[in-house]
């Protein structure tokens, strides 16, 4: 028997993209997301790998917690890195589906440094 899929996942955004998302009410994705045709998310156990691989050496980031149950049919779990299932959103990420946000920096070595939850 396989474990149930998580009901929470995460999206790393620039601080500017998060401000625009709040103003617009939804996030339409990064250039990579739009090129791939979906918004990439990471489950909690995938987050460190995503941060190290795609965001090393960056600060001024935001870690957004997403309630996957609020996404309905726009959420699809698909194989990616090493065959692991990753949550993908086919459509915008509505602010109403977010559950929290924290400031994030990723060191050059790929280690995440999170602010206290707000």
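Brief remarks follow.
- Some residue of the stretch 12-33 being under 16 Å from residue 113 (Cα atoms), surrounded by 14 or more Cβ atoms within 10 Å (Cβ to Cβ), touching a residue at least 40 places away in the same chain (Cβ under 8 Å) and over 15 Å from the mean Cα position of the chain (by Cα): no
- Checking each residue in the stretch 1-45 for being part of a helix (DSSP H, G or I) and on the phi > 0 side of the Ramachandran plot picks out no residue at all.
- Residue 49 meets the conditions (1) surrounded by 15 or more Cβ atoms within 10 Å (Cβ to Cβ); (2) in contact with a helix residue (DSSP H, G or I) (Cβ under 9 Å, 6 or more places away or on another chain) in every case but one. The failed one is (1).
- Residues satisfying the stated conditions in the stretch 65-94, i.e. in contact with a helix residue (DSSP H, G or I) (Cβ under 7 Å, 6 or more places away or on another chain), buried (at least 16 other Cβ atoms within 10 Å of the Cβ) and closer than 18 Å to residue 17 by Cβ: 66, 89
- With respect to the stated conditions, residue 115 is free of Cβ contacts under 8 Å to residues at least 24 places away in the same chain and in contact with a strand residue (DSSP E or B) (Cβ under 8 Å, 6 or more places away or on another chain).
Read-outs throughout are calculated quantities, based only on the coordinates presented, and are distinct from any laboratory measurement. Keep in mind it's a predicted model, so treat the numbers as computed, not measured. Counting neighbours? That spans all protein chains shown, and the Cβs are built from the backbone with ideal geometry, glycine included.
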